[in-house]
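Following: one structure in structure tokens, then a few remarks.
The values are calculated or read from the model by the stated rules, or taken from the named source; none is laboratory data. If you're wondering where the values come from, they're calculated on a predicted model, not measured in any experiment. As a convention, Cβ positions derive from the backbone with ideal geometry for all residues, glycine included, and neighbour counts pool all protein chains shown. Note: accessible area is taken over every heavy atom of the protein model, side chains too, but ligands, DNA and RNA are not part of it. Shrake-Rupley method; radii C 1.70, N 1.55, O 1.52, S 1.80 Å.
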Amino acid sequence: MKRCNPLYIVAIISPFMLWGMCMVLPVFDDWYYHTAPKVGVPFSPEALYPMNQYWRPFDVLFGYALALRPSLFPLANHLCIFAAHAGSTVLVYRLAQRMRLSALACCIATLFFFISPAALGTLLNTDSLNQAFSGFFGLVSLYVYTSVSGRKGIFLYVIALLVAALCKENGLAWAAVTPIFGYAVLGGSRRRFVRGLILCAAVCAAYFAVRLSLQQGSLLSDEFVNERKGSYLKYIATWLSYTWLPVDYIAVMFKPERNWGLAALTAALGLPFLAMLSCGSRRAWQGKRLVGLLVCFFAATSPHLVTVFGNMHCYSGLPMAALIAGCLLDGNARQRLLAYTFGAYAAACMITDLHHWQMAKQSGQTGEKMAKEIVAGSTRPARRAMVIHDGATEGGFSTFCTPPLLSFEYGLAVKGQTGFSWPEDISDTIANLSDAHAVSEIADRALASGTDAVWMVSGDKARVIAEREQ
């Protein structure tokens, strides 16, 4: 392994990874987020302006582009997300080389990033272009800052940093990462560090000045504030465990798939490598390089830790985690043992990755099956539809294991079967599905008020129970 270019391994794995990603179908908010086709939604410049806490114009433009060819959804999303992840992997490798890590440490850092289960929340979603490209352009800004000098370097750095921020708000955190990395990790001068801080402060000031001049709504909506769940300590514990320990968390957290043996196996395979990391090498603990990487690791993830944190958000700090691993292993004399323990760690990652992929694919297929049931049971397109359901949305695990109602997303999955031509409007209501009389009354009222069709969802079954006569 120490003589192997990790990008060759990445190239071998990539076709299989991309094939698997393309089999994952949209669920939950994938159907209504900006990166779904905006069919029938007139374009206006205001759509590109910041709304409440979000300013993601590239997501909006992507959705309008998909509206020209809705059949490319979600394939185009997966292709773009994978391209960003592959590009980030190359940049992690190049940064590891800039740190002058040993060949084995560079290899491990690169593969750690590429196959980490912490990336699954980004790779197995169709609406995570913002996270993937924010990370990619953040790494581009870091690489340019540390590799290109003069006015050209400053210009390219500022452009990459602003693109990262416009992909997703946390991209602006790379403004703090870059000067710290250049000074503490690569040993830049104190003068360049101060100049970098001033430049980054100027970029941040310009970003917020423009944003506030275009802002629509409050900078932090009440809905966003109320969405925060858990304490800061819980967020930090989630972040660190997902980033470093390749345990199959579905086997732990999702009751229908709970398998303590599988969880123990992935933990046992991963722990020896983590033990090697915790011991580190004497060189790693000398100087300020490791401290600088730890600060960068926290800085890159901090916007999510202080707002709302989920497993998708581990991705923002993952490049720094990979470089920390490389730094700790650099100069380790136990090369053979290190290769074996990382091989076991990689096996744990692959087991966890495959199980998460299987469940994400299954969730999407459930929504697709329900949508096909509705289309098959419809005698004509329904412009307006109502979904009657029992409100069963509990018991899932992130977007990997979504309840059937959320896989179906209250009927929006039907659009995927109709080329986004119908339905145009969907309402929903909760009812006792075992009370046939009450369900019939709800359906009659809906049809009388102009609804074209009434659908009922029970578990993973969906059917048309009433249609308005023409």
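Structure data summary
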quantity	calculated
Solvent-accessible area, 1.4 Å probe, carbon plus sulfur percent, for the chain	62
Convex hull (Cα only) mean projected area of region 76-135, reported in nm² to one decimal	3.8
Whole-angstrom gap from region 318-383 to region 9-80, using each part's C-alpha centre	19
Measure of compaction for region 311-384 (Cα Rg per 2.2 N^0.38 Å)	1.97
Theoretical FRET efficiency, 1/(1+(r/R0)^6), r = Cβ-Cβ of His437 and Arg468, R0 25 Å, to 0.05	0.80
Debye log10 I(q)/I(0) at q = 0.19 Å⁻¹ for region 227-367, Cα point scatterers	-1.23
For region 20-98: Kirkwood Rh in Å [reciprocal of mean 1/r, alpha carbons]	14.3
Quarter of Cα convex hull surface for region 362-470, i.e. mean projection, nm²	6.5
Ellipsoid semi-axes in whole angstrom, largest first, where each is sqrt(5λ) of the Cα gyration tensor of region 283-324	23, 10, 5
Angle between the chain longest axis and helix 57-67 axis [Cα atoms, degrees, rounded to 10]	50
Taking N as its residue count, the alpha carbon Rg of the chain over 2.2 N^0.38 Å	1.06
Computed lengthening from Ser421 to Gln358, 0.36 nm per intervening residue step minus Cα-Cα distance	19.7 nm
Two-site FRET efficiency, Met253 against Asp29, from Cβ-Cβ distance with R₀ of 25 Å, rounded to 0.05	0.80
Estimated FRET transfer efficiency (Ala103, Arg195; beta-carbon r; R0 41 Å; 0.05)	0.80
Radius, Kirkwood style, for region 7-148 when every pair of distinct Cα atoms is counted (Å)	16.5
Net lengthening on full extension, Arg445/Thr379 (0.36 nm per residue, minus Cα-Cα)	21.8 nm
14 Å Cα-Cα reach of Lys255 towards aspartates and glutamates, excluding residues that sit fewer than 8 places from it in its own chain	Glu394
Scaled radius of gyration (Cα, divided by 2.2 N^0.38 Å) that region 112-177 gives	1.19
Tilt relative to the chain, helix 335-377 - C-alpha long axis, 0 to 90 degrees, to 10	20
Computed over region 104-214, Kirkwood Rh from alpha-carbon pairs, angstrom	15.0
Using θ = phi - 60° and Karplus 6.51 cos²θ - 1.76 cosθ + 1.60, couplings along region 120-137 (whole Hz; Gly, Pro as x)	5, x, 8, 6, 9, 10, 9, 9, 9, 4, 4, 5, 5, 7, 5, x, 5, 6
Label-point gap, in nm, between Ala267 and Ala392 - each point 7 angstrom along Cα→Cβ	3.1
Once the Cα gyration tensor of region 416-470 is diagonalised, semi-axes √(5λ) in Å	20, 15, 9
Residues of the chain: accessible area per residue with a 1.4 Å probe, Å²	45
Nearby lysines by direct alpha-carbon distance to Lys372 (threshold 23 angstrom, same-chain neighbours under 8 apart not counted)	Lys38, Lys361, Lys415, Lys461
For region 458-470, 3J(HN,Hα) per residue [Karplus equation, 6.51 cos²θ - 1.76 cosθ + 1.60, θ = phi - 60°, Hz, x = Gly/Pro]	9, x, 9, 10, 10, 8, 8, 10, 7, 9, 6, 6, 8
C-alpha long axis of helix 232-244 to longest principal axis of the chain, angle in °	70
Inter-site label distance for Lys152 and Leu68 at 7 Å from Cα along Cβ, in nm	3.2
